[in-house]
Amino acid sequence: MTTGIGRFGLKRLLPAALLLLAGVSGAQAAPYGDKLMLFNWSDYISPKLIQAFEDKYHVKVVQNFYESNPEMFAKLRAGGDAQYDVIVASNYYIPRLIESGLIQPLDKSEIPNYSNLMARFQKPSYDPTGKYTAAYQWGDTGIVYNTEKLGQQPNSWSILFDPKANPKYPFALGNDAQVMTGAACAYQGHGYACQGRDNWKQAAQLLLKTKKRSNFSGFVDGTPVLRQLARGSVAAGVSFNGDYLQDKANNPQAYKNLKFVVPKEGAELWVDTMAIPDKAPHAKLANKFINFILDGKNGATLSNFTWYASPNKAATPYLKPALRKPPSQPTAEQMKHLHYTPALKGYSLQFVQQLWGEVQSR
């Protein structure tokens, strides 16, 4: 009896059949796709976590980086919302991302570790229902200054804005429009999260006046300014508590005279959050990734690498001792003076950006 295949036909078909079976097996081993596209700040996740996630889900994590929230936002609007699976965005950009339809709700059924977040990070003001984001890291923005050159200064924005506090040594201002506007507002008595055209205009006038001082060295982002401080090329600048701690641990000699302070007039409390772009190609895997990061031990691995505070209460027992105390953990008194940067939109956002452009160009 013949089947129409014959002996040699069967031998030729077997390899193809085995390849097909292997393909089915591979699909079962990686049911969420073969890769996760992560859009993040540079050097902001432990390579150990990347490797562990890849091993657990049999996928490849592909990382792209950005250096500012405006850059991230522009990339998403230009089609990145269909390219990336997970983004790490700062709190004051979340309302813009939601209103622009650039991020999708989380699938909480895939994120049981969401309950590991501390209560104040589960329904924060920038995402009141906790529908779109999960906190990644948090910290505050303050002043780092050289005590050998400037002496012991009060914990105040006067270190930057009062010429008498530093009449001769080079200093830098931050490069974020809203953060520096908030700092100037706070110094003038209007609070860090100030609102209103008059307050913003007064803040811009102070920033412009400060910029015109002979020892002003430029507008510098929080991470690069630490390198300038360590080299001694500037004596004061605006930076972040986690970056300060990390660099100090790596180079204690250069930091022996550098001090981080939270200005008493008010300063930025920030949260970097994980979100999933609206058209993410691997949304199910993205939810799995968020859940993976929110595991207690993984959350500690993340913070022990970045030196930033963890929003994950289950991570606390596994954190380095330095991450359980100031300046990583602000004191209760400091927390009274820390505020989220307002999520401006429409005309208000345009007005502040216009003022900032004039400050930088004049």
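When you scan the stretch 213-223, do you find a residue that is farther than 21 Å from GLN354 by Cα, out of contact with any helix residue (DSSP H, G or I) (no Cβ under 7 Å at 6 or more places or on another chain) and of a type outside the set (Ser, Thr, Tyr), even just one?
Looking through the stretch 213-223, at least one residue is farther than 21 Å from GLN354 by Cα, out of contact with any helix residue (DSSP H, G or I) (no Cβ under 7 Å at 6 or more places or on another chain) and of a type outside the set (Ser, Thr, Tyr).
With respect to ILE94, is the statement that it is under 22 Å from THR306 (Cβ atoms), aliphatic (A, V, I, L, M) and either modelled with pLDDT under 95 or in contact with a Leu (Cβ under 9 Å, 6 or more places away or on another chain) (or both) true?
no
Select from the stretch 147-169 the residues that are open to solvent by less than 50 Å² (accessible area, probe 1.4 Å) and either touching a residue at least 24 places away in the same chain (Cβ under 8 Å) or among the hydroxyl-bearing types (Ser, Thr, Tyr) (or both) and list them in ascending order.
THR147, LEU150, GLN153, SER156, TRP157, SER158, ILE159, LEU160, PHE161, ASN166
Please find, among ASP127, ASP81, ASP140, the residue that is acidic (Asp, Glu) and farther than 30 Å from LYS336 by Cα.
Result: ASP81 is the single residue among ASP127, ASP81, ASP140 that is acidic (Asp, Glu) and farther than 30 Å from LYS336 by Cα.
Among residues belonging to the stretch 195-217 that are within 26 Å of the chain's Cα centre (by Cα) and either among the β-branched types (Val, Ile, Thr) or surrounded by 15 or more Cβ atoms within 10 Å (Cβ to Cβ) (or both), point out the one that is nearest to TYR145 (Cα to Cα).
SER217
Return yes when LEU49 is open to solvent by less than 40 Å² (accessible area, probe 1.4 Å), at pLDDT 50 or above and in a helix (DSSP H, G or I) and no when it is not.
Yes: the conditions hold for LEU49.
Determine which single condition ALA183 fails, assuming it passes every other condition in (1) out of contact with any Gly (no Cβ under 9 Å at 6 or more places or on another chain); (2) in contact (Cβ under 8 Å) with a residue 60 or more places away in the chain; (3) of a type in the set (A, V, I, L, M).
The number of the failed condition is (1).
Exactly one of (1) of a type in the set (A, V, I, L, M); (2) open to solvent by 80 Å² or more (accessible area, probe 1.4 Å); (3) at pLDDT below 65 is unmet by ALA22. Its number?
It is condition (2) that ALA22 fails.
Go through the stretch 78-99 and count every residue that is touching a residue at least 24 places away in the same chain (Cβ under 8 Å) and exposed (fewer than 15 other Cβ atoms within 10 Å of the Cβ).
So the count comes out to 2.
For the stretch 305-346, which positions are open to solvent by 50 Å² or more (accessible area, probe 1.4 Å), more than 18 Å from the chain's Cα centre (by Cα) and among the hydrophobic types (A, V, I, L, M, F, W, C)?
ALA332, MET335
Checking the structure you have, find out if any residue of the stretch 123-145 is on the phi > 0 side of the Ramachandran plot, open to solvent by 10 Å² or more (accessible area, probe 1.4 Å) and free of Cβ contacts under 8 Å to residues at least 60 places away in the same chain.
There is no residue in the stretch 123-145 that is on the phi > 0 side of the Ramachandran plot, open to solvent by 10 Å² or more (accessible area, probe 1.4 Å) and free of Cβ contacts under 8 Å to residues at least 60 places away in the same chain.
The values are calculated or read from the model by the stated rules, or taken from the named source; none is laboratory data. What you see is a predicted model, and the numbers here were worked out from it, not measured in a lab. Don't worry about glycine lacking a Cβ; one is built from the backbone with ideal geometry, like all the others, and counts go over all protein chains shown. Please note that ligands, DNA and RNA were not included when accessible areas were found on the heavy atoms of the full protein model with its side chains. Shrake-Rupley method; radii C 1.70, N 1.55, O 1.52, S 1.80 Å.
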